[in-house]
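Undergrad: I'd like to ask you about the structure that follows.
Every number here is computed from the coordinates shown, using simple stated rules; none is lab data. Please read these numbers as outputs of a predicted model, since none were measured by experiment. Virtual Cβ from ideal backbone geometry, glycine too; neighbours counted across all protein chains shown.
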Amino acid sequence: MAAPNLVFLLGDPVGHSLSPAFQNAAFQAAGIPWSYRAQRVDGERLDDVLDALALLGLGGANITVPHKEGALGSMDSLDREASIVGAVNTVCITKDGLRGSNTDVDGFLAALGEEVPGGLKRPAVVILGAGGAARAAAWALVRDGWTEHIAVVNRTLEKGQVLINTLREGEARKGGGRTRFDLFRESSELTADLKAGTGLVVNATPLGQGALADQTPLEGVEGFPEETFVFDLVYGVRPTPLVRLARAAGLSAADGKKMLLHQGARSFELWTGQSAPLEVMRDALESAARSQGR
Ligand code: NAP
């Protein structure tokens, strides 16, 4: 039987996180006497905290906003996804030191696969935002051939261009390079043709969450066909403003809870080497979200 151990969620803030509820439920269901705790950490202390985890031989860690990029430099090795996306959300303590992974990539795709099991109904994808979540989602779509046309919308064009460069480099590493990329500063610049050909809109900005809870990254969904699926990576119990907007116009939409679940399940498997008890985690996540009123 495994010895008691600890896994930490490191970020700032972390108090709102639903991860402890479903990770602890997973450890319990799997009969692993580990505990998952959220710990707020300043960026300047992250490297020391990660070194301490390794020194103490702890079970591992999740890294969340705003440290996913900052954690890269503390790793002794990276998996392919963390290296391409340039962000770490899962840390394993190995005999060769700290290994950084990015389970947001496969977590996003697993969630999308549940939402649109038959694949996208139109060829293009619009990604709103260009930070870590946008990079993970866009790379997942390019890597697994979900689309050959991605339009990035980001208020800071330079960061949008960095995202596109990242995707081109990722494609080159896997020996491909067929995807068309467009870049816009605002969603109002999306052309009618592009909207008409869009099968998926992904919100990877924080609009709709926390202090921005009443905001939406799109003014409206006019021009997108009914087949467009709107995937808001922000999550809550109540539908987010973007999900409400999309559904009111007859489009299918979902928030980011399923992505949270699936990235967490993959992290669990990396730490423990065991299959994640997915349905136990799903129930615990939903009940924690309900009890937090989200
Ligand atoms: P991030 O790296 O900080 O990137 C945020 C992006 O949103 C940037 O492109 C930023 O634009 C843009 N943005 C921020 N504030 C904005 C505003 N007021 N108006 C327009 N654009 C704005 O964050 P992230 O890690 O990618 O996370 C983004 C969201 O996804 C967060 O809400 C996070 O909770 C969620 N997320 C969910 C999951 C899940 O499992 N469901 C996983 C990861 C992330 P600039 O480039 O101009 O700064």
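Undergrad: Compute the relative contact order of the chain as a whole-number percentage, counting only Cα pairs closer than 8 Å that sit 6 or more residues apart in sequence.
TA: Normalised by residue count, the contact order of the chain is 18 percent.
Undergrad: What is the set of long-range amide H partners of A253 at a cut-off below 5 Å, with H atoms built 1.01 Å from backbone N?
TA: Answer set, sorted by chain and number: V230.
Undergrad: Starting from the alpha-carbon convex hull of segment 58-151, give the projected area averaged over all orientations, in nm². Walk me through the numbers on the way to the answer.
TA: Details: hull surface 26.5 nm².
Answer in nm², one decimal: 6.6.
Undergrad: Calculate one ³J(HN,Hα) per residue across segment 219-227 by plugging θ = phi - 60° into the Karplus curve 6.51 cos²θ - 1.76 cosθ + 1.60, and present them in order as whole Hz with x for glycine and proline.
TA: 5, x, 10, 4, x, 7, x, 4, 6
Undergrad: With only alpha-carbon atoms in the gyration tensor, what are the semi-axes of the equivalent ellipsoid for segment 1-139, in Å, largest first?
TA: On the way: eigenvalues 147, 72, 40 Å².
Equivalent-ellipsoid dimensions as semi-axes: 27, 19, 14 Å.
Undergrad: Let me ask something additional. Run a plain Debye calculation on the chain (Cα atoms as equal point scatterers, no solvent) and give log10 I(q)/I(0) at q = 0.07, 0.11, 0.14, 0.16 Å⁻¹, rounded to two decimals, same order as the q list.
TA: Computed log10 I(q)/I(0) values: -0.25, -0.63, -1.03, -1.31.
Undergrad: Here's a follow-up. Points 7 angstrom from Cα along the Cβ direction at R180 and D283: gap in nanometres?
TA: Taking the two extended label points, one gets 4.8 nm.
Undergrad: Taking a cut-off of 22 Å, what percent of all Cα-Cα pairs in segment 164-257 are separated by more than that?
TA: Numbers: 1594 of 4371 pairs.
For segment 164-257, the share of Cα pairs beyond 22 Å comes to 36 percent.
Undergrad: Right, here's the next one. Could you calculate the FRET efficiency of V237 with K95 from 1/(1 + (r/R0)^6), where r is the beta carbon distance between them and R0 is 51 Å, rounded to 0.05?
TA: On the way: r = 42 Å, r/R0 = 0.82.
E(calc), rounded to 0.05, equals 0.75.
Undergrad: If I fit a long axis through the Cα atoms of helix 257-272 and take the longest principal axis of the Cα atoms of the chain, what angle between them do I get, 0 to 90°, rounded to 10?
TA: The two axes meet at around 30 degrees.
Undergrad: Another one. Identify the residues of segment 37-72 with backbone N under 11 Å of a label point that sits 7 angstrom from the Cα of V162 along the Cα-to-Cβ direction, or state none.
TA: Residues passing the 11 Å test: 69-70.
Undergrad: Okay, next question. Can you compute the modelled spin-label distance between S252 and A213, with each label point 7 Å from Cα toward Cβ, in nm?
TA: With each label point 7 Å from Cα toward Cβ, the separation is 2.9 nm.
Undergrad: Would you work out which of G175, S187, G264 lies farthest towards the positive end of the dipole of the chain? Charges go on Cβ: Lys and Arg +1, Asp and Glu -1.
TA: G264
Undergrad: What lysines does K68 reach when the alpha-carbon gap must be under 25 Å and sequence neighbours fewer than 8 apart in one chain are set aside?
TA: Cα-Cα hits under 25 Å: K95, K159, K174, K257, K258.
Undergrad: If you fit an axis through the alpha-carbon atoms of helix 278-291 and take the longest principal axis of the Cα set of the chain, what angle between them do you get, 0 to 90°, nearest 10?
TA: 80
Undergrad: Next question. Where Rh is the Kirkwood radius over the Cα pairs of segment 1-83, the temperature 37 °C and the viscosity 0.692 mPa s, what D in µm²/s does Stokes-Einstein return?
TA: My calculation gives 243 µm²/s for D.
Undergrad: Expressed as an acute angle from 0 to 90° and rounded to the nearest 10, what is the orientation of the C-alpha long axis of helix 157-173 relative to the principal long axis of the chain?
TA: Its long axis makes an angle of about 70 degrees.
Undergrad: Here is a follow-up. I'd like the antiparallel share, as a percent to the nearest 5, of DSSP beta bridges with both residues in the chain. Spell out each step's value before the answer.
TA: On the way: 7 of 42 bridges.
The antiparallel proportion sits near 15 percent.
Undergrad: Something else: When the convex hull of the Cα atoms of segment 107-160 is projected onto a plane and the area is averaged over all directions, what value comes out in nm²?
TA: Details: hull surface 14.9 nm².
Taking a quarter of the hull surface, the average projection is 3.7 nm².
Undergrad: I would also like to ask the following. Which lysines have a Cα less than 17 Å from the Cα of K195, not counting those fewer than 8 places away in the same chain?
TA: Qualifying lysines at Cα under 17 Å: K121.
Undergrad: Send over the Kirkwood Rh of segment 243-294, from the inverse of the averaged 1/r over different Cα pairs, rounded to one decimal Å. If you can, show how the numbers build up before the last one.
TA: Values: mean 1/r = 0.0794 Å⁻¹.
It is 12.6 Å.
Undergrad: Run through every distinct alpha carbon pair of segment 209-285 and return the Kirkwood hydrodynamic radius in angstroms, one decimal place.
TA: On the way: mean 1/r = 0.0713 Å⁻¹.
One decimal place: 14.0 Å for the Kirkwood radius.
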